[in-house]
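Here the structure is laid out as structure tokens; the discussion comes afterwards.
The values are calculated or read from the model by the stated rules, or taken from the named source; none is laboratory data. From a predicted model like this one, the values you see are computed outputs, not experimental measurements. Heads up, the Cβs are rebuilt from the backbone with ideal geometry, glycines too, and the neighbour counts pull from every protein chain shown. Just the protein is used for accessible areas: all its heavy atoms, side chains included, with ligands, DNA and RNA removed. Shrake-Rupley method; radii C 1.70, N 1.55, O 1.52, S 1.80 Å.
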Amino acid sequence: MLTSDNAFSTALTLILSMDSALIDIVMLSLKVSLMAVMIASLIALPLGAALALWRFPGRNVVIVALNALMGLPPVVAGLCVYLLLSRAGPLGEWGLLFTPTAMVIAQVILVLPIIAALTRQQVEALHGEYAEQLNSLGLTRLRMIPTLLWDARFGLLTVILAGFGRASAEVGAVMIVGGNIDGVTRVMTTSIVLETSKGNLPMALGLGIILLALVTMINAIAHMIGETAKRRLG
């Protein structure tokens, strides 16, 4: 019987020997999460900035909804994407269900509200601080968006990293829309669930160690960015 000590040592061996199955799972996980965060950022950054600058009827409702979606349960997001992409769904003919693309869509839905809501908060604070200077330059709200986003770049990098952490550690949505298919849609989180249920503790531990190291690295980078911003901006 495999003990916990033996499982841990075997897991380290898998990592150090660059086990092909383990590396394939890690690389797919990074590919899906990075793509999701990139797409979500391209939408969420200007959306959050626009919400910070424009006043319109129902704005508060949109902000409340966006803040609520930050805590959207992953299984609910996965279910919604599943219904859209299933054969009976409106996008079923595209054949995207149980593919990495479906997993990216699910993660975008989870990450986008986080980035958009936090971007709105940061841009709104900066706009309140520099409103007179920006107005004196004759900038329209549309032209203020890139200026304020650039000025908030350090804080926004931390926001994007937080979104990546959310995406990389997610399991429920990608399990539903990806199907955890070996070599196709099996990522770190879903593999840990599967390998643990099979009793393959070395593989589960190996993936768990890598996932923990990834999350730790993300937090370390976010901290360094925050400290750099404090030093540069006083």
(message) Using only the Cα atoms of region 130-217, what are the Rg and Dmax in Å?
(response) 20.9, 66
(message) Taking just the alpha-carbon atoms of region 75-185, what radius of gyration and Dmax come out, in angstrom?
(response) 18.8, 59
(request) Compute the distance in nm between two label points, each set 7 Å from the Cα along the Cα-to-Cβ direction, one at VAL62 and one at ARG87. (result) 4.0 nm
(request) Run a plain Debye calculation on region 31-92 (Cα atoms as equal point scatterers, no solvent) and give log10 I(q)/I(0) at q = 0.21 Å⁻¹, rounded to two decimals, same order as the q list. (result) -1.05
(message) Accessible area per residue for region 150-199 in Å², computed with a 1.4 Å probe and the full protein assembly in place, what is it?
(response) 40 Å²
(message) What distance in nm lies between label points placed 7 Å from Cα along the C-beta direction at ILE23 and ALA220?
(response) 2.2 nm
(message) Using 10 Å bins from zero, what percent of all Cα-Cα pairs in region 12-64 falls into each bin?
(response) 20, 27, 20, 16, 13, 5
(request) For region 214-229, take each phi angle, set θ = phi - 60°, evaluate the Karplus expression 6.51 cos²θ - 1.76 cosθ + 1.60, and give the result in whole Hz per residue in order, putting x for glycine and proline. (result) 5, 5, 4, 5, 4, 5, 5, 5, 4, 5, 5, 5, x, 5, 5, 4
(request) Pop out the carbon and sulfur fraction of the accessible area of the chain as a percent, whole number, probe 1.4 Å. (result) 69 percent
(request) Just need the Rg to Rh number for the chain, please, alpha carbons only, Kirkwood Rh. (result) 1.06
(request) Would you kindly derive the ³J(HN,Hα) couplings of region 47-56 from the backbone phi angles with the Karplus curve 6.51 cos²θ - 1.76 cosθ + 1.60 (θ = phi - 60°), listing them in order in whole Hz, with x for Gly and Pro? (result) 5, x, 5, 5, 5, 6, 9, 9, 10, 8
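At 1.4 Å probe radius, can you tell me the per residue accessible area of region 99-143 in Å²?
Counting only protein heavy atoms, the per-residue value for region 99-143 is 49 Å².
Can you compute the helix-only [θ] at 222 nm over the chain? Use -39500 (n - 2.57) per DSSP H run of at least 4 residues, normalise by all residues, nearest 500 deg cm²/dmol.
Taken over the chain, the calculation gives -27000 deg cm²/dmol.
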(message) Over 22 Å apart: what share of the alpha carbon pairs of region 37-140 falls there, rounded to a whole percent?
(response) 44 percent
